[in-house]
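The next block holds one structure in the form of structure tokens; read it before the comments.
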Amino acid sequence: MSENPLRNLPSVDQLLQHPLLQPFVQQASRNAVVQRVRSVLDDVRHAVSSKEGPTAVPTPQEIADTVVGWMKKQQSQKLRAVINATGVLLHTGLGRAPLPRVASEEIQRLGETYCSLEFELSDGSRGKRTAAVESLLCELTGAEAATVVNNNAAATMLTLAALCHNREVIVSRGQLVEIGGSYRLPDVMTSAGCRLVEVGTTNKTRIEDYRAAINENTAAILRVHPSNFVIFGFTENATLKELSALAASKGIPLIDDIGSGALIDFRQFGLMDEPMVSESIQRGAPVALFSGDKLLGGPQCGIIVGRKNEIATIMRHPLMRAFRVGKLTLSALQATLELYRDPNKAMEEIPLLRLLNTQPENLQLRAKRMVQQLTGHPLIATVSAIQSEATLGGGSLPTQQLPSVAVAIQPQTVSLEELAAGLRLGPVSVVARVQDGQLLLDLKSVQANQDRLIVEAFNDLSK
Ligand SMILES: *Cc1c(COP(=O)(O)O)cnc(C)c1O
């Protein structure tokens, strides 16, 4: 009878002493390494005992390698700061808008202490959670009332559930959008318990189409801003003004999903089609919805502004409790909105607006300096500054190109993919764009004080 191969299996204690695993025991967590070693040993025992005949037992080195692979994977999954050199300013994968300094300071200040979240300091009674941001939002958009939830998807769902449950909602066929992932408007409608009534065609929907669809079961008209696609050519769409007049004459609300929700005019940055929230309110939309972490440049949240009556109905709905935001979000949003009281201040202090406002000449200078600093790097064959097109993001189809400058790199001794991965996984994580056989560092999405860190990331690679 042959010897039980499992006898040769090293013990947990022996493995913890292995030179490959010692750094993780010292620097990460002994418990984490022990758990992983145990689970690898269990797998080996299972594999060996479930097979007939002799089976090779892995060496301590092989087991240690498996454990190291897992520990490294876990470390790379940790939420880390990254430098966004993709040229996509609102990159959903990279957390969309970076926060203004005052907002992150406010998160810290209010995060580590108690705060007057739902507490009326004047008389000690129960207060309203979103009171402070509500009044700021009304001031900045001209709306009568406002509230805040977890994101714009939640804002849409909640608004439809509160105002349109069991009734019909009219939407243009050109606006039945998919925003990304599992967010498809028709599915959201169904989940909110509404019946979707499609009108018009993909490229043309006239006000008469809406008018003809209204009956006694109609709860609202929903208008959705095409954030991540364009339909051009033979097109026509009912205007906001026409829609709000029609809705008002029939006594139903118009719900305007503005998407990005600009609080200032983005035409100054060359972005022509981004509607301002205040325009939507001025033209009579009773309810307008938008995100906090897109063009507003604040924390992830969904903002609902509009008429007192509709907002009050929305806030009474049970889903409001499920979608509400916490004090960290509210403190960041409050600080960001306060910046908008002075548009110049907003422009200087909100990172997204600063990035949008950085001119190509400035990017060109920065790119040239970076090219000089990277020339001669052992992993770089060629490096030069080239013209590039950055995008706003928020969808796979870029609708607006922003003129930009990128540092273009051809590697040597490593492949493009290896270089890109090395930059992502280094001590300073840099996410670049691989395009046309080059690695591009698009500076439109890089904050000026991060240029130095990108060069550092390359230097770390050659150590
Ligand atoms: C981005 C977007 C949404 C979803 O907003 P989130 O804040 O990501 O949930 C909904 N509608 C439109 C038009 C959008 O652009």
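Side notes on the structure shown:
- Panel note: the C-alpha atoms of the stretch 19-81, placed on their principal axes, show extents of 50, 23, 16 Å (largest first).
- Ellipticity estimate at 222 nm from DSSP helix runs (n ≥ 4, -39,500 (n - 2.57)) divided over the chain, nearest 500: -12000 deg cm²/dmol
- Between the stretch 242-302 and the stretch 61-124, the alpha-carbon center distance in angstrom: 28
- At an R0 of 22 angstrom, the distance between the Cβ atoms of Ala322 and Ser191 translates into a FRET efficiency of 0.95.
- Of Phe323, Phe458, the residue with the largest accessible area leads and the full order is Phe323, Phe458 (1.4 Å probe).
- For the stretch 188-197, backbone phi angles converted through the Karplus equation (6.51, -1.76, 1.60; θ = phi - 60°) give residue-by-residue couplings of 4, 4, 4, 5, 7, x, 10, 9, 7, 10 Hz, Gly and Pro being listed as x.
- The ellipsoid equivalent to the alpha-carbon distribution of the stretch 185-337 has semi-axes of 26, 21, 14 angstrom, derived from the gyration tensor eigenvalues as √(5λ) and listed largest first.
- Scaling against 2.2 N^0.38 Å puts the C-alpha radius of gyration of the chain at 1.21.
- The stretch 144-275: C-alpha gyration tensor shape, a/c 1.5 cut-off, then a/b vs b/c: rounded
- Residue by residue, the stretch 301-311 carries 3J(HN,Hα) couplings of 5, x, 10, 10, 10, x, 7, 3, 4, 5, 5 Hz when phi is fed to the Karplus relation 6.51 cos²θ - 1.76 cosθ + 1.60 (θ = phi - 60°); x denotes Gly or Pro.
- Annotation note: trypsin sites (Lys or Arg not before Pro) in the stretch 18-108 located in DSSP loop regions with a Cβ neighbour count of at most 15 within 10 Å are Lys51, Lys78, Arg80.
- Cross-linked pairs Lys128/Lys345; Lys128/Lys444; Lys345/Lys444; Lys368/Lys463; Lys294/Lys368: Cα-Cα separations exceed 32 Å for Lys128/Lys444.
- Under-5 Å amide H pairs with Val88, H placed in peptide plane, nonlocal only: Thr391
- Accessible surface of Cys138 - all protein chains present, 1.4 Å probe, nearest 10 Å²: 30
- P(r) histogram, all alpha-carbon pairs of the stretch 36-159 included - 5 Å bins from 0, percent: 2, 7, 8, 11, 12, 10, 8, 7, 7, 7, 6, 6, 4, 2, 1, 0
- Residue by residue, the stretch 113-125 carries 3J(HN,Hα) couplings of 9, 6, 8, 7, 4, 9, 8, 8, 5, 5, 10, x, 8 Hz when phi is fed to the Karplus relation 6.51 cos²θ - 1.76 cosθ + 1.60 (θ = phi - 60°); x denotes Gly or Pro.
- With both residues required to sit in the chain, DSSP beta bridges show an antiparallel share near 55%.
The values are calculated or read from the model by the stated rules, or taken from the named source; none is laboratory data. Just so we're clear, the structure is a prediction, and the values are computed from it rather than from any experiment. Neighbour counts run over all protein chains shown; Cβ positions are idealised from the backbone, glycine included. Note: accessible area is taken over every heavy atom of the protein model, side chains too, but ligands, DNA and RNA are not part of it. Shrake-Rupley method; radii C 1.70, N 1.55, O 1.52, S 1.80 Å.
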